[in-house]
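S.K.: After the structure tokens below, expect a handful of questions from me.
The values are calculated or read from the model by the stated rules, or taken from the named source; none is laboratory data. No experiment lies behind these values; they were computed from the predicted model shown. Virtual Cβ from ideal backbone geometry, glycine too; neighbours counted across all protein chains shown. Surface accessibility is based on the protein's heavy atoms, side chains included, excluding ligands, DNA and RNA. Shrake-Rupley method; radii C 1.70, N 1.55, O 1.52, S 1.80 Å.
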Amino acid sequence: MPGYIEDRWLTKKKDPVTGKRRRTSRYGKGKRYRVAGIPGVADCSFALESDAKTWLSSSQTDVSRGTFADPRDGLITLSEYITTVWLEGKGGTEKSERNIRHQLNHIHNFLGHLPLINIDAAAVRKFIVQLEKKAKLANTYAHSICSTLRNILDVAVDDKRLAKNPTRSKSVVFPSKKIKEQREAWAAAVVRRVLAAISPRHRLSVVLGTGCGLRQGEVFGLAEGDFDFERHVIHVRRQVQMINNRIFYKLPKGNKTRVVPMAPSVEAEVLDHMAKFPPVVVELPWGESTAEETQAHALVMTTVHGAANNFNTWNIRTWKPALVKAGVIPAPLPGARRGTFKMPRKYGFHVTRHTYASTVLQGGEDIVTLSHWLGHETPTITFEHYAHFMPQSGKKGADAVDRMMGYVPPVPPTAPPALKLPRFSPEHIWKPYPHHKPAGQTVRVGSTARVSPLLA
């Protein structure tokens, strides 16, 4: 195998007179032994020959396997590597870049000061605990951060700065990304209260959320031409998004357009809304907030000034006051700053989408069809989110266990059927009712009071 060890203090050839190796000009300066001659591997110096031999042997083996990583390249700190190397090759949309920056803040805070070669499985396990206990992040978000860290270290392995990725060790377990809290949906009475409470201009947004399962940005991005009243469907072709308070158009989540059925009640609401508030053509950047390309669409949901809805303004001035009026959330405390509402995250506009899923499943629709209407990537996502909304969820399994156990459920007691007395009965069944109060049920037949012998 290529590679050799050089003694930089003594010459390789011996003195012909003394028979000993002569000292070089570097004698006593720096480390004595240098490993060199390995293709693709920088020379490395050692004080002891034994260390040099160990390095040479392991390096030759790693090079032949294609797994060699020079530890000196791993002396760069994780934060420096992310900034100067990893981010340079990271693409994505404007929104995804913003999300990555937020995730990197946690990585910089807890691991950024460590050199790459010092990040081992133990450091990663400690990092996960800090995310869960110190930062108090939700499991799904903590899982996303860990996935980003895994990708960073994978790139470091490819760049030969690490021999292996510690996040892929068997002892490292990422936080579960499964939903622990069940999605909640509104009852029909709550939906009707919110519809009555919200301003007429924005009533249609609640109708489209609870009646078609559209996301907030998709509702704001609907144009007049997206409604097909002949086929009774809505074409979800775009959404309105906002980055740094700048509004723009883009494709729906996952870059997937879809078609959603439109119930007659929704159609009636749409036609009534467009008659009262005609669509307005709004031109916005396409794809990103800073994009030069623009598109113009006749939006159905606009502000009183004919502009696209700003998410922050709409949520504070329209959505939350409507929930207060409907009795869903409490009113702000006296003296509180304007726009300050005590609202749980679960009562954001997305609850209308959960309500739609609940209504459709309880109506008997299958999970695959609902997944297509909601625009989920796979039906598995829909099932994880909304399985508890399915009618008789778990009932069939419980019944099967009962049959296996031979269990016979007790028959609940039933009230005896009410005795229906005929209006006219033969005299041998009915006898004249005495003037004193009898112990029995009485019934009046015409003008004559009679008592049933069955009850006397």
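S.K.: Please list, in chain and number order, the residues 5+ apart from Gln295 or on another chain whose amide H is under 5 Å from its amide H, with Hs placed from the backbone.
M.R.: Hits under the 5 Å cutoff: Leu284, Trp286.
S.K.: Tell me, what is the 1.4 Å probe accessible area of Phe229, in Å² to the nearest 10?
M.R.: Accessible surface of Phe229 is approximately 60 Å².
S.K.: For Arg337, Arg23, Arg201, write out the residues from largest to smallest accessible area, computed with a 1.4 angstrom probe and no ligands counted.
M.R.: Arg337, Arg23, Arg201
S.K.: More than 20 angstrom separation, counting every C-alpha pair in region 245-373; what % is that?
M.R.: Taking all Cα-Cα pairs of region 245-373, the fraction more than 20 Å apart is 64 percent.
S.K.: A further question on this structure: Rank by packing, highest mean first: peptides 158-164, 184-190, with packing defined as the count of other Cβ atoms within 10 Å averaged across residues.
M.R.: Highest mean packing first, the order is 158-164, 184-190.
S.K.: Suppose all protein chains stay in the model; what accessible area per residue would a 1.4 Å probe give for region 233-277, in Å²?
M.R.: Normalised by residue count, the accessible surface of region 233-277 is 47 Å².
S.K.: Got a sec to turn the phi values of region 315-328 into Karplus ³J(HN,Hα) couplings, 6.51 cos²θ - 1.76 cosθ + 1.60 with θ = phi - 60°, whole Hz, x for Gly and Pro?
M.R.: 5, 7, 9, 10, 5, 5, x, 5, 5, 5, 5, 7, x, 7
S.K.: Each residue of region 188-203 in turn: what ³J(HN,Hα) in whole Hz from Karplus with 6.51, -1.76, 1.60 and θ = phi - 60°, glycine and Pro shown as x?
M.R.: 4, 5, 5, 4, 5, 5, 5, 4, 6, 7, 6, 5, x, 4, 10, 4
S.K.: Moving on to the next point. Of Thr352, Thr77, which has the most accessible area and how do the rest follow, probe 1.4 Å?
M.R.: Highest to lowest solvent-accessible surface, that is Thr77, Thr352.
S.K.: Let me check I have the definition right: for region 164-211, take the eigenvalues of the Cα gyration tensor, multiply each by 5, take square roots. What are those semi-axes in whole Å, largest first?
M.R.: Semi-axis lengths for region 164-211 are 45, 13, 7 Å.
S.K.: Right, another one. About the Cα centre of region 176-245, what is the dipole size in debye to 20, counting +1 per Lys and Arg Cβ and -1 per Asp and Glu Cβ, all else neutral?
M.R.: Roughly 360 debye for region 176-245.
S.K.: Still on this structure, I have one more. How many Å³ per residue does the convex hull of the Cα positions in region 122-254 occupy?
M.R.: 218
S.K.: Residue by residue through region 345-354, which ³J(HN,Hα) values in whole Hz follow from phi under the Karplus form 6.51 cos²θ - 1.76 cosθ + 1.60 (θ = phi - 60°), with glycine and proline marked x?
M.R.: Those phi angles translate into 4, 5, 9, x, 4, 5, 5, 5, 5, 5 Hz.
S.K.: Mind listing the long-range amide H neighbours of Arg21? Cut-off is under 5 Å, sequence gap 5 or more, other chains count too, H placed in the peptide plane at 1.01 Å from N.
M.R.: So Arg21 has HN proximity to Asp15.
S.K.: Same structure again: Quote the convex hull volume per residue of region 130-200, based on C-alpha atoms, as a whole number of Å³.
M.R.: With only Cα atoms used, region 130-200 gives 170 Å³ per residue.
S.K.: Which residue, chosen from Leu214, Phe227, Thr302, occupies the Cα position most advanced towards the positive end of the dipole of region 199-307, where the dipole is computed from +1 (Lys, Arg) and -1 (Asp, Glu) charges on Cβ about the Cα centre?
M.R.: Leu214
S.K.: Here is a further query. How large is the charge dipole for region 305-409, taken about the Cα centre, if only the Cβ atoms of Lys, Arg (+1) and Asp, Glu (-1) carry charge, to the nearest 20 debye?
M.R.: 840
S.K.: What area, in nm² and to one decimal, does the C-alpha convex hull of region 209-295 cast on average over all directions?
M.R.: Result: a mean projected hull area of 6.0 nm².
S.K.: Let me ask something else about it. On the full set of protein chains, 1.4 Å probe, figure out the accessible area of Lys95 and give it in Å² to the nearest 10.
M.R.: So the heavy atoms of Lys95 present about 70 Å² to solvent.
S.K.: Oh, and also: Quantify, in whole percent, the carbon and sulfur part of the accessible surface of region 131-197 (1.4 Å probe; protein heavy atoms only).
M.R.: 50
S.K.: Sequence-distant or interchain residues sharing an amide H contact under 5 Å with Leu222, placed H: which?
M.R.: The list, which skips near neighbours in sequence, is Val300, Met301.
S.K.: Measure out, as a whole number of angstrom, how far apart the alpha-carbon centroids of region 143-198 and region 76-132 sit.
M.R.: So the separation of the two Cα centres works out to 16 Å.
S.K.: Kindly sort Thr355, Thr257 by accessible area of their heavy atoms, largest first, with the probe set to 1.4 Å.
M.R.: Putting Thr355, Thr257 in descending order of accessible area: Thr257, Thr355.
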